[in-house]
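Down below is the structure, laid out as structure tokens.
Please treat every number below as a calculation from the coordinates, not as lab data. Keep in mind that this is a model prediction, so the values were computed, not measured. In this analysis, Cβ positions are derived from the backbone assuming ideal geometry, glycine residues included, and neighbour counts consider all displayed protein chains.
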Amino acid sequence: MVLKMNHSLAMHAGEWLKTEIVQPHKVNVKDLAAHFGVSRQALSGLLNGHAARTAEMAIRRRRSQRAEITISRCRNTLRRYGR
């Protein structure tokens, strides 16, 4: 069974980042932009709905997520073995 989402429920990537990450966790836009490897202006444009997420920004975000997962796994392994 395939579920189809109504287009009216679709959310702009910037709106999602803003409501799910930036605002609830009080993340600084400048720091988040540096983390993603994009300019503050580019991220601000995305968050405010003035720009679409580019393929490059999506790839950078994905790479940063992978790096965080790898670092987290390493820390957990070190804790497990008492290092």
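Between Lys26 and Ala13, the contour length at 0.36 nm per residue exceeds the Cα-Cα span by 2.9 nm.
Each label was represented as a point 7 Å from its Cα along the Cα-to-Cβ direction; for Arg40 and Thr77 these points are 3.7 nm apart.
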